[in-house]
Amino acid sequence: MSDTFTPVASLGEFGLIGRMQERLAGIPRSENLIEGIGDDAAVYRAGEGQLHVVTTDVLIEGVHFDRSFIPMPFLGWKSIAVNVSDVVAMNAKPLYATVSIGMPRNFSVEMMDALYDGMADACKAYGMELVGGDTSTAHALYISITVIGGVAEQDVVFRRGARVGDYICVTGDVGGSYAGLKVLLDQRQALNDLGDAYEPELEAHQYVIRRQLRPHARLDVIDLLQKAGIKPTSMIDISDGIASEIHHIALRSSVGATVRIPALPFDPETRAVADQFLDDVDAYALFGGEDYELLFTVDPTDVGAIDAMQGVSIIGNIEEATKGVRTYSPETGLMPLHPAGYQHFDGPPEVDYASLDSDDENDNVIRFDEDLGLDDIEVSGDGA
Ligand code: ADP
Ligand code: MG
């Protein structure tokens with residue numbers, strides 16, 4: 001170690017991961033390792049013709065969530081679902097999970113019960129088991145989950161398989177999760193400003209709030225594609241927004257891509273929220289993230305079958321790498337698409353949960369169960 005101090009922020013998340021990868025490059029590589037760092041999950045051979053995938057995601061209070069507006073059962077659900085989403089992005093099915101949890105002093109047994117009920121619901125819905133973990137105290141609630149999944153060797157799909165001429169597809173609708181976050185942050189502000197006079201205004205936004213607080217991993221799509229006889233050429237889940245995800249596919253596949261803005265699928269509620277906040281709804285889809293839908297590419301011969309599928313939209317094309325990653329709309333024509341915000345699309349700001357002062361245990365909590373009736377959400381089938 002030298003005396004130099006380079007702030008980690010100077011490299012950014014993906015710069016940091018690249019740098020970690022360099023440090024690890026000296027480790028001899030097993031012949032059973034098929035994909036290491038760089039995809040949604042690592043892939044290794046578990047037996048003849050059988051692969052396992054493994055992924056880890058961490059959720060930290062004040063960084064990824066605000067305890068005052070996500071009910072514990074939803075947080076438990078979400079922490080499993082975001083990992084399942086990465087497994088599904090490899091065209092694999094989840095098998096086992098382990099959970100490491102760090103609990104702050106202001107965390108109760110009842111909160112932990114509710115958190116684990118949510119995890120149990122998600123494990124049941126996704127047909128997997130929770131088989132272990134680790135428990136510790138921490139300065140803020142910290143949940144790290146690892147999920148192992150399985151897939152037949154011929155079925156695995158990577159980020160790196162897109163080819164020029166392929167079509168770009170997306171499942172479900174996009175931008176809703178960010179719209180839900182906008183509503184929640186706005187309501188939280190109103191609650192802080194008005195105190196006892198606060199009247200929740202959540203009814204009109206139930207769908208987008210669910211998208212944010214209780215996302216659904218698209219395990220169903222894996223079966224849907226298989227039944228239709230379609231194996232995507234590449235796939236990724238939408239955790240950071242379409243702009244970032246399409247860049248990952250383009251970079252890993254050494255191709256370019258054009259995303260057709262008018263083809264982006266929005267729920268009317270997402271559009272209504274964007275209108276209300278005078279935002280560009282396209283930016284919600286491109287830069288908002290946390291939709292946990294699947295972004296994938298298919299061979300042109302599969303386009304007919306995709307067209308016939310409900311809930312899958314064709315949103316663009318894979319092109320030569322020299323064309324870069326672009327958007328197309330009739331108003332603006334072709335424009336370069338950067339992984340995060342560019343002048344035309346005013347990318348949404350980073351959310352600073354910490355500034356929302358969420359340490360107090362019971363004060364200023366939006367009561368979703370009472371205000372929204374969200375507790376009676378179906379365990380399975382919701383949004384799927
Ligand atoms: P996703 O958004 O799909 O969860 P990430 O962007 O978090 O993917 O991670 C990209 C890749 O970098 C993955 O292969 C992941 O396993 C790897 N990665 C992330 N953080 C680390 C780390 N601290 N050490 C080693 N590999 C990491
Ligand atoms: Mg992912």
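The values are calculated or read from the model by the stated rules, or taken from the named source; none is laboratory data. What you see is a predicted model; the values in this text were computed from it and never measured. Here the Cβ is made from the backbone with ideal geometry for all residues, glycine too, and neighbour counts use every protein chain on show.
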Condition set out of contact with any His (no Cβ under 8 Å at 6 or more places or on another chain) and free of Cβ contacts under 8 Å to residues at least 40 places away in the same chain, scope region 36-62, selection nearest to ligand 1 (Cβ to nearest atom): answer is Ile37
Counting only residues in region 1-32 that are within 16 Å of ligand 2 (Cβ to nearest atom) and of a type outside the set (D, E, K, R), the one farthest from Ser239 (Cα to Cα) is identified as Ile17
Pairing a residue in region 1-16 that is outside the structural domain of Ser239 (by TED's automatic domain parsing) and hydrophobic (A, V, I, L, M, F, W, C) with any residue that is surrounded by 10 or more Cβ atoms within 10 Å (Cβ to Cβ) and not in a helix (DSSP H, G or I), where Cβ atoms lie under 9 Å and the two sit 6 or more apart in sequence or on different chains, gives Phe14/Pro339
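Quick check on Asp223: is it within 16 Å of ligand 1 (Cβ to nearest atom) and of a type outside the set (A, V, I, L, M, F, W, C)? Walk me through how you get there before you give the answer.
Values: within 16 Å of ligand 1 (Cβ to nearest atom): no; of a type outside the set (A, V, I, L, M, F, W, C): yes.
No: the conditions fail for Asp223.
Looking at region 52-67, which of the residues that are within 19 Å of Ala217 (Cβ to Cβ) and not hydrophobic (A, V, I, L, M, F, W, C) is farthest from ligand 2 (Cβ to nearest atom)?
Filtering region 52-67 down to residues within 19 Å of Ala217 (Cβ to Cβ) leaves 52-59, 64-65.
Now restrict to residues that are not hydrophobic (A, V, I, L, M, F, W, C): 52, 55-57, 64.
Working: His52: 17, Thr55: 8, Thr56: 11, Asp57: 8, His64: 14 Å.
Checked region 52-67; the qualifying residue farthest from ligand 2 (Cβ to nearest atom) is His52.
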message = Looking at region 68-90, can you tell me whether even one residue there is among the acidic types (Asp, Glu) and either more than 16 Å from ligand 2 (Cβ to nearest atom) or not in a helix (DSSP H, G or I) (or both)?
response = no
Filter region 258-290 for residues that are within 14 Å of Ser329 (Cα to Cα) and hydrophobic (A, V, I, L, M, F, W, C); the one that is surrounded by the fewest Cβ atoms within 10 Å (Cβ to Cβ) is Ala263
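Yes or no, residue by residue, for (1) surrounded by fewer than 14 Cβ atoms within 10 Å (Cβ to Cβ); (2) modelled with pLDDT under 95; (3) within 30 Å of Arg252 (Cα to Cα):
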{"site": "Ile34", "(1), (2), (3)": "no, no, yes"}
{"site": "Arg45", "(1), (2), (3)": "no, no, yes"}
{"site": "Leu51", "(1), (2), (3)": "no, no, yes"}
{"site": "Asp66", "(1), (2), (3)": "no, yes, no"}
{"site": "Lys78", "(1), (2), (3)": "no, no, yes"}
{"site": "Ala89", "(1), (2), (3)": "no, no, yes"}
{"site": "Leu115", "(1), (2), (3)": "no, no, no"}
{"site": "Ala122", "(1), (2), (3)": "no, no, no"}
Within region 91-121, restricting to residues that are outside any strand (DSSP E or B) and hydroxyl-bearing (Ser, Thr, Tyr), the one that is farthest from ligand 2 (Cβ to nearest atom) is Ser108
Checked region 209-239 for anything away from ligand 2 (no atom under 16 Å from the Cβ), more than 12 Å from the chain's Cα centre (by Cα) and assigned to a helix (DSSP H, G or I); matches are Ile209, Arg210, Asp220, Asp223, Leu224, Leu225, Gln226, Lys227
**Message:** Arg211 - would you say it is farther than 27 Å from Ile318 by Cα, among the basic types (Lys, Arg) and away from ligand 1 (no atom under 16 Å from the Cβ)?
**Reply:** yes
Would it be correct to say that Phe14 is within 12 Å of ligand 1 (Cβ to nearest atom) and of a type in the set (Phe, Trp, Tyr)? yes
The residue that is nearest to Phe296 (Cα to Cα), considering only those in region 187-202 that are out of contact with any helix residue (DSSP H, G or I) (no Cβ under 9 Å at 6 or more places or on another chain) and either charged (D, E, K, R) or at pLDDT 90 or above (or both), is Asp193
Log entry, pairs with first residue in region 196-207 being closer than 12 Å to Ala179 by Cα, second being in a loop (DSSP other than H, G, I, E, B), beta carbons closer than 7 Å, six or more apart or on different chains, reads Tyr207/Asp267
